Each structure stands twice: as structure tokens, then as C-alpha cells.
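A short worksheet on the structure shown next.
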Amino acid sequence: MVMILKKSKNGFWTLLSLITYKKKDKPEEFYIPEVNEGESRQVSQEKNNDKSTPSTNEKQNTQKDNKGLKKPIPVSELKKEKTESGVKKDENCISCSIDENIDFINRMFNAPVNKDIVVREFNIAGHYKAFITYLSGMADKITISNFILKPLLAKKSVEDAEEDCKLDYILKNVIETHQAKKITSPNEVIYEILNGNTCIYADGCNFYISAETVGFDKRGVDKPQTEGIVSGSQEGFNETLRTNITLVRKIIRNNNLVTEFLTVGERNKNLCSILYIKGLANPAVVQEVKRRINGIKTDFMLGDGMMEQFIEDNTFSIVPTILSTERPDRTASHIMEGRVAILVDGAPFAKIVPVTSHSLFHTPEETYLRWQYGTFIRLIRFLAVALAALLPGLYIGLVGYHREMIPTDLMIAIVKAKENVPFPTLLEILLMEVSFELIREAGIRIPGIIGNTIGIIGALILGQAAVQANIVSPVLIIIIAVTGLGSFAIPNYNLAFGVRIVRFLFILAAAALGYYGITLAFIAIAALILSMKSFGVPFVSHLGPQVRQSHDAILRWPVWKQEYRPDPVNPLDVRRQPKISRKWTAKDPKTGIDRERNNDDEGR
Amino acid sequence: MKRYKVFCLLLILLCWMLAGCSPDLVEIDEEVYALVLGADISANNKIKITLQYPSYKGSGGGGSGSKSSGGGGGGSREEIGVYEGNIITTVEASSILEGINLLNTAVSRQISLTHCKLLVFSEELAKQGVEDYLAPMMRYRDMRRIMHVIVCKGKAESFIKENINTIGESESKAIELMATQSLNNGLFPRMTFIDFYRNMLSPYEQPLTAYAGINDFSKLSSGDEETASPLKIPEGYLPSEVPRKGAARRELAGTAIFNGPKMIGVLDSFETRCMLIIKNQFKRGIVTIEDRKAPGKVIPLDVRLGRKPVIKGYFENGVPIIDVRVNIEADLGAIQSRVNYERLSLVEALNGQIKEFFEAGLRQTIDKTQRLNCDVFGFGEYIAGNFSTIQELEAYNWKKHYKDAKVNVTVEANVRRTGLMFGSKPLKSSQ
């Protein structure tokens, strides 16, 4: 203290500064500026620069105008400016100069800031200037070096050529990759590079050659994660579109299986393919699918889940109207019924349209099984949906309104169990339902090693503890457990979600009005589902107006009885098989031994 | 289309709103569920109502808990009506429903009759007529219509007090299974509340209930009496007369028969069986007949109906005639005398004996009801076909004319199965 007083000229102020609060000089925090704000920032910076080095009056004037009007520049104009400076100049044709082309590639891929784009310049056969370009990581380097660079650099390869442009000759004679084609549009060049292909350019030509060199790391064909079955194929889709199409094509060996490619997403240009059998699928359906996909205007398309939301009929419906599957065999069987499959690059799922409600209850399991077992497990699934949606609601209605329906002994047992529980039944149910949903969600999100145990922890410990702590009655645990089992038995993941949500509606309806409320809620939901369509097909057309039976809707009939394809899809070929599909039953087995006559002979 | 959808949704929402947001929901543990309802006559034209309901203590199923009642000392607990996990309360009021309300001055939970299993009328009340008590109960929403109705000797209150469950923990199960025993022995009928009431209204059938009582275990012979007295069959018992000891004191045996709302007589357990045979409600029962080839020895028979009794009703010279043809099948239960009744020559004789036995029993039962002029068999249903309109039938009043009817009974009896043995050899001993 004394030191400070002695040292400072104005001791009082120093002293004061020690005991008063001083605001710290904080550096400005980072924040993301608005688009226009950024503009004005730049403007002001430029202004400062201008002040220091005054160059042109025009610029200043425009800046002043901008400031005076404070007019935000519309996004479309911004875009225009960019494109004007970028592609527009050579939008339709490719320059004949190698320097301009290198410049074009660098500009389009933001090189050298962007490190992924590789532009390799060299001289073809030591004479002609050329370059190849590809995206590092997306293209297979061994293919490039062995089958593109090596032949091109070989001295004698191009010397004999007499054509004007060496690339034509190269395309025909030198490039050793399987696929290679001429590309004349700059946009296409970019697209090819983005896909992992290698583009080759030689000085003096007005086109590129694109050679197929796609080679990136991908997951192998694995077991399906969400649609496991016991008997039957264990192959599932993976994230690569090509592989997925192959998996389907492997099952349907038919030359009429058509794969059409469409591009969706303006910025990420995701590849999407439509699979159908020409001459079987109704052309109207194919047309409609293409119309809807082409009609999507969005900048980012990530897989099939997003695609579904963009093309489905009822976006507010609680049940899905598009079937999602990760099984090639299921996709194939739907294609064979005259439906259209949509596969999107980057997601291991196929979307199938149009579908009716019963398809959501099917799995390939019953196709592989004998019909008796198939029918049985299907009935179990219908029961599962009913339980998962209704059971808690029914319980509430039963104990809250319709107690005369409970067997007396059970009722007294319920009362005794509930004797020390302080909450109303509704709260008990909601409590347990919510914790069950928590367990479920946590079980999916939790890291793999402890993921398996969460089920045990959740079900056993939480349930047991809740009962012991008199928070819920034990009967309720059974209700919730059975409900949970029911929702797990629903084969379609999306449908299961719908059922889980609807369950809460039924709980509230039952709490408000008992079974009458459940009936009302059921009518409301049924009315909504009945009014829905999936790509022009009424969603429950199998129950609705009488249609030709495919014998594979709700019950599964013997496979020889399934003579027709599903009626609502209106396939071009209605019959799946003739009336007598097991021709052998109508004929004698020709074993070469006439057993009857032999017997007769012995008798004689 | 969209407007149409919205309209439909609004309609459904409206259903909700119009039903009112009143909290109709009653928590299951806010009520207590009476299992037995008893009615006795009391002074000043009042009625004494006795209720039995579970105490919700103990861990088992319905109405349990010997553990719960222990500890506090049996005597004092019984004063407040706690018996083995059940509580029995009695109240006096001018109507049953008000009485239940009045009970809630002391019972902490709303008493609900939705799970009532048993309705007990005292004989005294039944003889005065039950119409004053039944009609309002029929109207009451809470009342369970499939509960069983019985009439008990003595007071309903004391009957309910003796309604102590000896097997298992669940009182409601005990009551239900007790009534079901009618299917195994036919010694008393099953009568539900709704059927009882309907028969009171019916123009061609009289109501009946099971007849109950309390057994003081005094009928059991001590064993000191003369043993050489001749065998006495058939045996018909009335409640509180069954020679037995142990188990619950309350017992059901025989039938109380009503003329309209008033009880006018009883059938003993054997007559009850005969009545149930004609009504096609006799499932099975063991009947003992004397062995004619070996007097003093008996043959127990497992008897059932071979087919539905064929009943025809018609008029002859203004006299109603009822033809009843009963087909009875019997299985040999045992043959004490070891006579081979399985042989074709002997089985015919046995068939004849069974036929006579039942013909006499049916005759006796029908005569008794005709003396009381009480058609508990529902013969009127077959007579009704002779009238072209229901008004004519009602004007004729079958219930009044039953005593004039001529009832012809024919029985066909067949021994169908011989049990696990076919023929029995004489037993060998050293003598």
C-alpha cells in the first residue's frame, strides 16, 4: 500500500482503482453474421481501404448508395453474380485451351484451397500437353496409374495417330478402363469428377474423356440390421447404390428390369435410381414416381428417408405410406408384383411404392416358410399391433370405467396391489410408458458395449424398483411389458413409431371417456387411414371395395393358390402363375416301374 | 374433400365434448366391492341389509388374509365384522340402496355392487314376497345381473356370517365355485338374478332359487344306533339336514320354489335333481339304488341325461296335457354285490330298475309342484304353442291352471358304460 502511494503520482486514484470494479477489455465474441450484415461489414472495411487509398469515385458512389438505401441484396442476385463470374462464360462449351481448362477446374473446385481435387499435367507420349483430374479419395489410384497414366505416357502410343484431336484416338485406342466416354459439357465434367471418375483433357480438344475409376471405401454386404429373419436370405443393402442395384438384379435375372437414374439435391447431387420391370409395372406409376422425384427442389438429399418425406402423399399421416426395406429379396418380390423400388445412394434402404397397409405387416420370413406357419406369424403380428396400440388404453378404460368386466378375483388383486400406490392410474401408466420410451431410445443411442445391458437395467431394475417403491402397481408392469413386446413385434420400423404415438392418444381417450373414448379415437384414426392413398392406391384397398384376391394379403394361402398379383397396383400382367402351377400333380410319375401290374402278376 | 375430413374430425371431437369433461373416471381402489348381499326382514317394515366385502389386506387373490385378521385378537375383530380378510356389515334401512348409502357413514370407500356374487334372501322375507326389493335392484345400474340368488333358512345375516371360506383365499372364487357344484351333483339349482326376475314376469314359468341353510353338524349319527335297519333310498335332504361334519357350516341343498314373488315351498335335494332333469339342467350326479339281487347292497350310478327331454304340451277336452319323455344314461359306479350286471341279460333288468326309480322320482316331484300349483319346470312354454296370441295365453293364465294339467312321464334308461371293469369275479378268501 505504502509502496503504491509512494510510487504513483496520483496516489488517490491508484488507491481507488484498487478497490473499484474495472470493466475488462474483452475481445469481441465470435458470432455468425447475417448474410446482409456480412455484406455491410465488407463494405465498411472496403470503405476504410478506400479512404486510405482513394482510387475510383464510382465505387465510392455505389457504396454510398448502398449505405443510403440499406437495400439488402436478394439471394438470387448474389447467386447470379457468382455464376456469372464462374460457369456462365463457358457454360455450354469447353475451351480448347489447356490453361483455360485447368483454370476452370481449379476455379470450380476451389483449388488450391480445396485440397481434394487433383490436376495432374503431363505430356502424352512426350508431345501433347494434357492433364487428368480427379477427386482424391473418390477415385481408385491404382486404376488411374495403371490403366490411364501408363498407356498415355508410353511413347509410341499416340504418335501414329492421324486424327485432329488426339483425345478421340486416345479414347478408342489408349485408355484401358472399362467405361470411358466423351464429355462435352462443363457441368457434366464436374459431375463426373464428383462421382469419382477421372477426366482426361488434351490441349486443343473441346471435350473431355471420362474414365471410370470410381473406388472409395465402402461397407461390404452385411446382414440386415432391422429386418432380420430366421429362414431365408441374410443379405442386406449397404450404402452404395451400385451394390444395392446389383443385389436386386442378382435375384431378378430379367432383361426387362430397368434401372433409371435421377439426380436429386442441387448441392449434393445425390444419385437416385428407380427399379421396375418394364412390361409389368404400370407405366403410370413409373411416370408418377419420376414426376415426383424430378419435382423435388432442395439443395441436400441425404438418403431415402428424406426422399420418402419429399414424395409421400400424406405428410401428416401417422402411418407411413411408403414401404421401406433393407432387404434385396423383399425389394425384388415387390418389384415382381409390379411395384417400383426407389434406391438412393448413401442409404441401405429401398423405398417401395405403391403399397397397401397389409404390406407393412409382412416380412420375407413368411414367404420362405410354409403357408401355415406364415399365416400364424402374420396373425401374431396383427395381434401385436392391436396390443401395442390399445392395451394401456384398454386397461385404463377397464379399471376406470368398466370394472364390472374384470373378473372379481383379478380386480381384488389389482386393488390390493394398488392399495399403497398414491397416483391415479393414468399417471401410473404415463409414468411407465414414458420411462419405457426412454429405455428404448436410450438403448439405441447408448454405446454398443453397454447397449445390451440397458434393456435388462430398464426392464428389471426400474420395473422392480418402481413396484417396490409403490410408485406403480405390478399389474401395470405386465401391461407395459406386453405393450412393449407388441411394439417390438411390428415388422415395420416406421409403423411401429406410428403405433407408439397412437398409443398415447388411446390412453388419453380412455382416461377421458372409457371404451367410448377408445371407440371414438379408433374411428377417427380409421377414418384418416381409410382416406389415405399411396401413389394413387387407396391405402387399405385390400379391405375396401372387393378386389381380386392375391391370397397373400392378410392370411397367406398356399403358394400355388397365389395366382394373381395384387389388384390395387394394376400391373400389366395380372397373373403370376397359371391355375395349375404344380403341373406334376396332374401327371403320373414315370418311374419306369408299373407297380400295379407287377402286383397283379405276382397274384396270378 | 378436405372440408369433409375436417367436418368428420369435428364431429368426433364433438362426441367428446358433448359427453362432458366430467371426471367420470373412478379409481379402482376408491371403491369396495361387495361380494354378498343379504336381506332380512326387520321391524317397522324396514329391511336389514348385510354386506360382505373384502378387506383388501394380505397379498393373495380376492378376499384373503388369515394373516391380516390375526394379531388383534379374534373376539374384538369379530365385533366389527372382520372375518378372515372379509368384512361383514349389517345396516337397517327402508330400502336396500339407501342402506348401502347409509353404510358409507362408516365404510371409508364407496360400496359398489358391480361385483356382487350372491344375493341371499331370508326365508321369512321370501315368504312375504321379494317384489319390493327386487324391482328397484333390477333398475339399478350398479347391480350385477348374473349374481346368484338363494333363499336361506333362518336369517340371511347369520348365513353370511357362516359364509367362511375354508379352501383357498379367494372368497369370490369360493362363491362362484360353490354355485357351480350344481353342475356336478344337481343337488341344488343355479339361479341367476336376471333369470329369477324374468321367471317372475314370465307367463309360463315360476321362479325358483337354491335353498340354503346353516348346518349345526347335529344330524350326523353318532354310530351308536341300530345298524341292521333296512337301507333307505332315495335320499333327499334339505339344508341344515345333511349328515356331515366339518367344512363351512353353510350349505346349499334343495330348491325354494316361488309363486310369483312369494316363496311357497321347497323341494329336497332328490326332488331338485328330478326337476333339473326335466328342465334339462341336470349335468350329472351320483344316484344310489338298491341292488335287487342282493338286498342291502347298493349300486351307485353316475347318471346323466342321454338327450334333451322331449316335452309336448297340448289340450284334450280343455285339459292341458304334458308328455315328458326323459332319456337317462347311467354309468356303473360300483357293484357291491359283484353280480355281473354288465351281461346283456342282466343289464336290461338294471335298466328297468333305473327307469322305475326315476319315474317314481319324477312323478313325486311333479305331484308335489302340482299340489303347490307351481310350474317350476317351465311346462307353460310348451303349452304356449297352443295359443295363437300372447294375449290369449295371458288371459288363460297357465300359472293358475298348472294344477289341473295331466303330466305323463316316461323314462328311458340305459346303462352305457361299465367303468374300468367288465365283469367282476368273486373274491377269494381262505374260508
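The values are calculated or read from the model by the stated rules, or taken from the named source; none is laboratory data. Quick caveat, the model's predicted, so the values are computed rather than measured. No Cβ is skipped: glycine too gets one built from the backbone with ideal geometry, and neighbour counts run over all protein chains shown. Quick note on the areas: whole protein, heavy atoms, side chains included, nothing else; ligands and nucleic acids left out. Shrake-Rupley method; radii C 1.70, N 1.55, O 1.52, S 1.80 Å.
Computed values, structure above
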quantity: Selection status of B:Ser59, modelled with pLDDT under 85, touching a helix residue (DSSP H, G or I) at 6+ places or on another chain (Cβ under 9 Å) and farther than 20 Å from A:Leu410 by Cα; calculated: no
quantity: The one condition in (1) surrounded by fewer than 21 Cβ atoms within 10 Å (Cβ to Cβ); (2) in a helix (DSSP H, G or I) that B:Ile160 fails to fulfil; calculated: (1)
quantity: Subset of the stretch A:296-328 (residues that are β-branched (Val, Ile, Thr) and either closer than 25 Å to A:Ile529 by Cα or buried (at least 21 other Cβ atoms within 10 Å of the Cβ) (or both)); calculated: A:Ile311, A:Thr315, A:Ile318, A:Val319, A:Thr321, A:Ile322, A:Thr325
quantity: Number of the condition not met by A:Ile412 [criteria: (1) away from chain B (no Cβ under 14 Å); (2) open to solvent by less than 40 Å² (accessible area, probe 1.4 Å)]; calculated: (1)
quantity: Matching helices (runs of 4 or more DSSP H) fully within the stretch A:342-432 where at least 3 residues are over 14 Å from B:Glu27 (Cβ atoms) and within 27 Å of the chain's Cα centre (by Cα); calculated: A:364-368, A:371-400
quantity: Residue check for A:Arg370: over 17 Å from A:Thr263 (Cβ atoms), of a type in the set (Lys, Arg) and touching a strand residue (DSSP E or B) at 6+ places or on another chain (Cβ under 6 Å); calculated: no
quantity: In the stretch B:284-307, the residues that are of a type outside the set (A, V, I, L, M) and either touching a strand residue (DSSP E or B) at 6+ places or on another chain (Cβ under 7 Å) or within 15 Å of B:Phe358 (Cβ to Cβ) (or both); calculated: B:Arg284, B:Gly285, B:Thr288, B:Glu290, B:Asp291, B:Pro300, B:Asp302, B:Arg304, B:Gly306, B:Arg307
quantity: Some residue of the stretch B:35-45 being at pLDDT 85 or above, within 12 Å of another protein chain (Cβ to nearest Cβ) and surrounded by 12 or more Cβ atoms within 10 Å (Cβ to Cβ); calculated: yes
quantity: Hey, B:Ala210 closer than 18 Å to B:Gly38 by Cβ, more than 14 Å from chain A (Cβ to nearest Cβ) and either touching a Lys or Arg at 6+ places or on another chain (Cβ under 9 Å) or open to solvent by less than 60 Å² (accessible area, probe 1.4 Å) (or both) or not; calculated: yes
quantity: B:Thr227 being at negative phi and either modelled with pLDDT of 90 or more or open to solvent by less than 40 Å² (accessible area, probe 1.4 Å) (or both); calculated: no
quantity: Given (1) more than 14 Å from chain A (Cβ to nearest Cβ); (2) over 17 Å from B:Arg244 (Cβ atoms); (3) open to solvent by 20 Å² or more (accessible area, probe 1.4 Å), index of the condition B:Arg141 fails; calculated: (1)
quantity: Test set (1) touching a strand residue (DSSP E or B) at 6+ places or on another chain (Cβ under 8 Å); (2) without any contact (Cβ under 8 Å) to a residue 40 or more places away in the chain - B:Gly318 fails condition number; calculated: (1)
quantity: Test set (1) in contact with a Pro (Cβ under 8 Å, 6 or more places away or on another chain); (2) without any contact (Cβ under 8 Å) to a residue 12 or more places away in the chain - A:Ile446 fails condition number; calculated: (1)
quantity: Any hit, the stretch A:419-438, residues being over 22 Å from A:Gln468 (Cβ atoms), in contact (Cβ under 8 Å) with a residue 40 or more places away in the chain and within 14 Å of another protein chain (Cβ to nearest Cβ); calculated: no
quantity: Hits in the stretch A:513-527 (condition: facing another protein chain (nearest Cβ under 8 Å) and closer than 19 Å to A:Thr356 by Cβ); calculated: A:Ala527
quantity: Lone unmet requirement of (1) acidic (Asp, Glu); (2) in contact with a Gly (Cβ under 8 Å, 6 or more places away or on another chain); (3) assigned to a loop (DSSP other than H, G, I, E, B) for B:Asp302; calculated: (3)
quantity: Sole residue being of a type in the set (S, T, N, Q), more than 22 Å from B:Lys279 (Cα to Cα), modelled with pLDDT of 90 or more and surrounded by 14 or more Cβ atoms within 10 Å (Cβ to Cβ), chosen from B:Gln353, B:Gln370; calculated: B:Gln353
quantity: Residue check, A:Glu176 in a loop (DSSP other than H, G, I, E, B), more than 28 Å from A:Glu366 (Cα to Cα), in contact with a helix residue (DSSP H, G or I) (Cβ under 7 Å, 6 or more places away or on another chain) and open to solvent by 70 Å² or more (accessible area, probe 1.4 Å); calculated: yes
quantity: Test: residue in the stretch A:459-480 that is at pLDDT 85 or above and under 30 Å from A:Phe310 (Cβ atoms); calculated: no
quantity: Among (1) closer than 18 Å to B:Met421 by Cβ; (2) open to solvent by 30 Å² or more (accessible area, probe 1.4 Å), the one test that B:Asn259 misses; calculated: (1)
quantity: Candidates B:Glu348, B:Glu329, filtered to the one that is more than 30 Å from B:Lys127 (Cα to Cα) and over 27 Å from the mean Cα position of the chain (by Cα); calculated: B:Glu348
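The rows are residues; the columns are (1) within 25 Å of the chain's Cα centre (by Cα); (2) under 27 Å from B:Leu208 (Cα atoms); (3) in a strand (DSSP E or B); (4) more than 14 Å from chain A (Cβ to nearest Cβ).
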residue: B:Thr90; (1), (2), (3), (4): yes, yes, yes, yes
residue: B:Leu97; (1), (2), (3), (4): yes, yes, no, yes
residue: B:Ser108; (1), (2), (3), (4): no, no, no, no
residue: B:His115; (1), (2), (3), (4): yes, yes, no, no
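Conditions tested, residue by residue: (1) assigned to a loop (DSSP other than H, G, I, E, B); (2) open to solvent by less than 30 Å² (accessible area, probe 1.4 Å); (3) away from every other protein chain (no Cβ under 14 Å); (4) farther than 19 Å from A:Phe436 by Cβ.
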position	(1), (2), (3), (4)
A:Ile477	no, no, yes, no
A:Phe488	no, no, yes, no
A:Val499	no, yes, yes, no
A:Ala511	no, yes, no, no
A:Leu543	yes, no, yes, yes
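One line per residue, one yes/no per condition, for (1) in contact with a His (Cβ under 9 Å, 6 or more places away or on another chain); (2) of a type outside the set (Gly, Ala, Ser); (3) touching a residue at least 60 places away in the same chain (Cβ under 8 Å):
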position	(1), (2), (3)
B:Thr369	no, yes, yes
B:Gly378	no, no, yes
B:Phe387	no, yes, no
B:Ala395	no, no, no
B:Ala413	no, no, yes
B:Lys425	no, yes, yes
